[in-house]
Amino acid sequence: MDLKQILREVELHYGTAALVTGAVCGVGALIVLVQKLSSHQKTKEKIRRARARRDESLQRAEQALLQYKNLHPMTDSAYILALSLPELTKQLQEGSLSPEDVFYSYLEKTLDVNKKLNCCTGILLESFDQLKTLSSSKKGLLYGVPVSIKENITYKNYDNTCGVVSNLEQPAETNSVLVEVLKRQGAIPFVKTNVPQSLLNYDCGNPIYGQTLNPHNLKKTCGGSSGGEGALIGGGGSVLGFGSDIGGSIRIPSSFCGICGFKPTVGRLSAQGVASLYGGQKSVLATTGPMARDVDSLALCMQAMLNDDMFTLDPSVPPMPFNMQIYRSAKPLRIGYLENDGFCQPSPSMARAVREVKVLLEKAGHTLVPFSLQKVSQSFYELVVRGVAADGATSVIEKLEGSPLDPTIRTQVYPMYLPVWLRKVIAFLLKPLSPRSSAMLNAFCGVGSVADLWKQHVAVEDYVQETVADWRRCNLDALLYPVIGPAYNFYYCCKNTQICSYTMLFNLLNFPAGVVPVSTVTAEDEEELKYYKGNYQDLWDKSFKEAVTGAEGLPVGVQCVTLPWQDELCLRFMKEVEELVKQKRK
């Protein structure tokens, strides 16, 4: 590009004033402008190439699908797609279904769902080769099962962008442990799914691949950050998927999309090769987990993954095979329950779901006792938010450098660009007007020093010990808890970070937690929502009301929680809820 072209581009993007400024301030200012323009053009070009790679993979998949359908016109795809994961694996093992028929049935459905929802970041073309070489020995509990994976789960030769442009064109050199174990169990990872920009949001839009929609209502978000997974599974395009969860990122899209999702204890499944936006943060840890249409599918997945392959590939994972005896137990449980955490008032459908499930559990012979987490507001701000942003959000901003901000995260991220001293000043001025806004902004200032970071870690440890002590005083087996829902209108997730107290505290505590769909939003829920005020009656409460308005007919779920390492018990509790709801509908 010669000088005349550069000047024309500068004028086009920054206006004539930029040229005048360059003339007044000299060559230095012009160089800065040219550098910004060059960076802008490089970003646009990287995004264009990424979209081209995605589109090419989709086109190649469509061509392969067409060829297969021409050769196998009698495949009963509707029958295959209606099978649960346990039913599907049984027929694959018996040989009554072929891996090829199953693979192409789900590939066709995935391509169709993606056209409506924009949930996929690309087809994993190596899956076609894996299908051809799949062992005839039918080895593995997931033999022949197509599996979708969240975009940040490493697959060799593919990017883990986390929705951030700076991570583009850095393909992985190896597979994650999860992908390796899936393959050794006979599964076929075949598609990567969309995420929000930075992963630190529970919507699902980014400047690379765009916005993912809700399978039940195209005017609603699918949730996030495992939103592509939620949308694809909820739309019928995948029978089993994997997401990651640091604050509800498996559970919220499961709630929004009407599927089951499970966040295991941190360390129960390998995290090697699961990318995050930045490393080093230890206050609130992320974990990976399965997402599916029913609880038995989640349990089968956990059983398949917890084997010697995983324990050998990642020796940091404790060698604890899945305990099927606990999962199948029928022993009555002592269950704590809560409708409102006192910090964020739930939507009418959220609270109703808990009440209705409580009644079902009691009728089934379980004991239900009131239980609440202590110091929810203080813990959310001082331990969760300040812990995640311990460096004052510097790492987040560095990763977003040079990338356009997606509208799904702008409101959430803008304060991070302010100097820490200015955040503190604004937080002080806001305190009498909006206490929760003030506390949130103050928490985003970080911890300040290494000594303060250590104190913060001690505070987290103390909170965990206090919560476990409360739990044991009540002699609980499990906890029935609200989950964020129903699905939001667009661009409200970044305005409602406070509501994450319902999910993120269980990441802080490292308690396994899962979501089960139990109902749908009724006309009565919508009518009651008109009178929603919230616990604080502030802008956050008003925004939440606006976010969930217009949701009649959308799925509503509940959250099931247990103590660390009691993952099988958590799934057993989820299964109990699922079965009781099914019986009620008969």
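The values are calculated or read from the model by the stated rules, or taken from the named source; none is laboratory data. As the structure is a prediction and not an experimental result, all values here were calculated from the model. So basically every Cβ, Gly included, is an ideal-geometry build from the backbone, and we count neighbours across all protein chains shown. Ligands, DNA and RNA are excluded from the accessible area calculation, which covers all protein heavy atoms including side chains. Shrake-Rupley method; radii C 1.70, N 1.55, O 1.52, S 1.80 Å.
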Quick numbers on region 182-251, Rg and Dmax over C-alpha atoms in Å, give 12.2, 40
Given unit charges at Cβ for Lys, Arg (+) and Asp, Glu (-), the dipole magnitude of region 286-349 about its Cα centre in debye, nearest 20, is 280
Taking a crude spin-label model, label points 7 Å out from Cα along the C-beta direction, the E56 to K282 distance in nm is 4.3
Measure of exposure for D452: accessible area at 1.4 Å probe, Å² rounded to 10, is 60
Residues whose built amide H sits under 5 Å from the amide H of Y337, excluding neighbours closer than 5 in sequence, are V369, F371, L480
A correct Karplus calculation of ³J(HN,Hα) over region 263-270, with 6.51 cos²θ - 1.76 cosθ + 1.60, θ = phi - 60°, whole Hz and x for Gly and Pro, returns 9, x, 4, 4, x, 5, 10, 5
Region 51-107 and region 248-312 have their Cα centres apart by a whole-number Å value of 25
Surpassing 22 Å at the alpha-carbon level, of the pairs K138/K192; K132/K156; K399/K455, are K138/K192; K399/K455
Under 5 Å from the placed amide H of V518, counting only residues 5+ away or on other chains, we find V556, G557, V558
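Using Cα pairs closer than 8 Å and at least 6 residues apart in sequence, work out the relative contact order for the chain, in percent. Provide the component values of the computation, followed by the final result.
Working: 1215 pairs, mean separation 86.6, N = 586.
The value is 15 percent.
Measure off, as a whole percent, the carbon and sulfur share of the 1.4 Å-probe accessible area of the chain, all protein chains present. Kindly include the intermediate steps, with their values, before the conclusion.
Values: 13140 of 23820 Å².
Result for the chain: 55 percent of the exposed heavy-atom area is carbon or sulfur.
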On the formula 1/(1 + (r/R0)^6), with r taken between the Cβ atoms of L418 and A523 and R0 of 56 Å, the FRET efficiency rounded to 0.05 is 0.80
For 230-241, 47-58, 300-311, ranked highest to lowest by mean beta-carbon neighbours within 10 Å, the order is 230-241, 300-311, 47-58
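Share of Cα-Cα pairs in region 83-178 beyond 17 Å, in percent? Let's see the in-between values first.
Details: 2657 of 4560 pairs.
Every Cα pair in region 83-178 considered, those over 17 Å come to 58 percent.
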Ranked output for segments 140-151, 454-465 by mean other Cβ atoms within 10 Å, highest leading, reads 140-151, 454-465
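Can you give the accessible area per residue of the chain, in Å², using a 1.4 Å probe? Show your work: numbers first, answer last.
Values: 23820 Å² over 586 residues.
Using a 1.4 Å probe on heavy atoms only, each residue of the chain averages 41 Å².
By average Cβ neighbour count within 10 Å, what is the ranking of 523-535, 268-280 from highest down? Mind dumping the intermediate values first?
Numbers: 523-535: 14.2, 268-280: 18.6.
The most tightly packed comes first, giving 268-280, 523-535.
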per DSSP, antiparallel bridges as share of beta bridges in the chain, % nearest 5, sits at 70
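Could you give the dipole magnitude of region 413-476 about its Cα centre, charging the beta-carbon of Lys and Arg +1 and that of Asp and Glu -1, in debye to the nearest 20?
Values: 7 positive and 5 negative charges, 54 e Å.
So the magnitude is around 260 debye.
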Largest first and rounded to whole Å, the semi-axes √(5λ) derived from the alpha carbon gyration tensor of the chain read 37, 33, 22
Here region 342-348 yields Karplus 3J(HN,Hα) values (6.51, -1.76, 1.60; θ = phi - 60°; whole Hz; Gly and Pro given as x) of x, 9, 10, 5, x, 5, x
Magnitude of the Cβ-charge dipole (Lys and Arg +1, Asp and Glu -1) of the chain about the Cα centre, nearest 20 debye, reported as 500
Once normalised by the length of region 374-457, the mean sequence separation of its alpha carbon contacts under 8 Å that are 6 or more apart gives a contact order in percent of 46
With -39,500 (n - 2.57) per DSSP H segment of 4 or more residues and division by the full residue count of the chain, the 222 nm estimate, nearest 500 deg cm²/dmol, is -14000 deg cm²/dmol
